[in-house]
Each structure stands twice: as structure tokens, then as C-alpha cells.
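No value in this document is a laboratory result; all are computed from the given coordinates. Bear in mind that the values here come from a model prediction, so they are computed numbers and not experimental data. Glycine also receives a Cβ, built like all others from the backbone with ideal geometry; neighbour counts cover every protein chain displayed.
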Amino acid sequence: MDLATRILIVDDDEGIRKLISSFLEKNGFLTTVASDPVEMRAAMAKQRPDLIVLDVMMPGEDGLTALRGLQAAGAPPVIMLSAVGSDIDRIIGLEIGAEDYLAKPCNPRELLARIRTVLRRREHAVAPRDASPLKVVAEPIGEGRPMLRFSDWSLDAEGFTLYAPDGETIALTEGEFQIMRALVEHPRRVLTRDQLIEYARGGDSDSFDRAVDVQVSRIRRKIATKDGADLIRTVRNEGYMFTASVVRR
């Protein structure tokens with residue numbers, strides 16, 4: 001991470017582009033800037049970034065539309081920025097596939113911290129450049145770390161990795177992984193949405209609150225391809241329950 005890590009900053013405000021770019025470069029990152037999604041795609045064609053900071057409100061093609069195209073092509077992780085900061089935009093961004101979402105104006109130090117968190121997550125599951133966003137190259141399970149095992153699945157809480165029964169890693173965003181870990185660590189117990197927020201994000205829950213249902217829905221879609229669709233049960237008017245027994249090894 002850092003030094004050889006390239007961040008692509010996409011924002012129609014030149015001042016914001018310069019501010020973020022300068023701050024990240026002072027903290028050891030390489031940066032590329034683009035004023036709109038057209039320039040973003042041109043920059044990506046020249047050199048693929050390790051992460052994209054993408055503004056939502058831009059003239060012409062907006063950030064959410066650009067994000068949809070990125071996900072269809074299999075792209076680097078994306079952190080969205082928005083001057084609006086509404087729940088609807090945030091939830092839509094997370095549902096489409098953004099790793100995180102920050103309201104403008106944001107503290108550059110907070111953006112830096114979130115960038116590093118997302119990149120650390122990706123270091124544990126490195127995908128080929130042209131890989132599907134739902135699949136990554138399998139690494140040796142756990143590498144000696146404690147594992148949570150259930151129904152032939154394995155969750156490496158320290159390594160931020162979920163392994164399917166066939167050993168393949170399932171790529172989850174940071175938010176999805178935190179929800180999955182909270183459920184697995186409290187098996188066969190109904191967790192309310194507020195409890196999931198507290199377990200998953202603690203004091204950082206303001207950026208996460210009403211997106212719990214979105215995150216759970218995305219987890220279900222990803223694990224359903226590996227026969228894990230029945231692991232998370234919806235308890236009407238209550239919350240969610242992880243149905244499998246869990247063994248720590």
C-alpha cells in the first residue's frame with residue numbers, strides 16, 4: 001500500500017481535485033485526476049488505478065451512472081463523494097457496488113483513513129486485472145490464523161476473507177464483510193438492524209445506518225452462487241439471524 005498505489009480522483013471541481021491529490025501524494029500515494037467520467041475512463045485505459053474516488057454530482061454523466069458502468073466492467077474499488085449526502089444516494093451507491101460513501105465537504109484525513117481501510121481489505125483477496133468482481137484468487141485458507149467455520153464455509157476475521165466450501169474466496173466490500181462477521185460471531189441469534197450497525201461499525205454508524213438491508217441483500221446474492229443462500233434468515237419486524245452453527249478453530 002502507498003508509494004506505488006495509484007488513486008484516481010474524479011471530480012468536476014478543480015479545487016477539490018487539487019486538494020485531495022496533493023494531500024494523498026503527501027501521504028505517499030500516486031494520483032491521477034479526471035474532471036468527469038469520460039476523462040476517468042480515458043485515464044483507466046492508460047493505467048489502471050488501485051482505487052477510485054468518485055464524485056456523485058457532476059454535469060452530464062453523474063457518478064452513480066459511471067459507477068454502474070465500472071461494476072459491469074469489473075473495476076477497482078470505489079469510494080463515492082457527494083455534496084448532497086442523502087440516504088437515498090448513499091444506499092444506491094452502496095447497492096451498485098461502492099466500497100464506501102462520504103459526504104462533502106469531508107476531512108481529507110478521514111478520506112485517507114477510509115482509502116487505507118479499503119485497500120487493506122483488498123490486499124487479502126487479490127483479483128486478476130480482468131477478473132469478475134465477485135470472484136478472487138484463492139489463497140491458503142487462514143495461513144495459521146483462527147477461523148470461524150460453518151456449513152463447510154470458513155471466515156477469516158483477521159484476514160478479512162470469506163471462503164466458500166470449494167475454497168474459493170468470496171469478494172465482499174468492507175461493509176458487507178463487517179455485517180457477515182457480526183452475523184457469524186452471533187449465530188442462531190436474532191440481531192436487529194441497530195445491533196448489526198453497532199457490531200459492524202460501532203461509533204462510525206452514521207455512515208451506515210439505513211444501508212443494512214442493502215448490505216445483507218448483496219451478501220445473499222454473492223453467497224447464493226456457492227449454496228449459501230439459506231445461511232441468513234430474515235426475521236420479520238426483528239432483523240436477521242445466522243442459521244448455521246459456528247465452530248472457532
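Structure data summary
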read-out: Nitroxide proxy distance, nm - points 7 Å out along Cα→Cβ at Ala42 and Glu14; value: 1.6
read-out: Charge dipole of the stretch 2-59 about the Cα centre (unit charges at C-beta), most positive-ward option of Ile52, Gly28, Met40; value: Gly28
read-out: For the stretch 148-182 and the stretch 1-78, distance of Cα centres in Å; value: 28
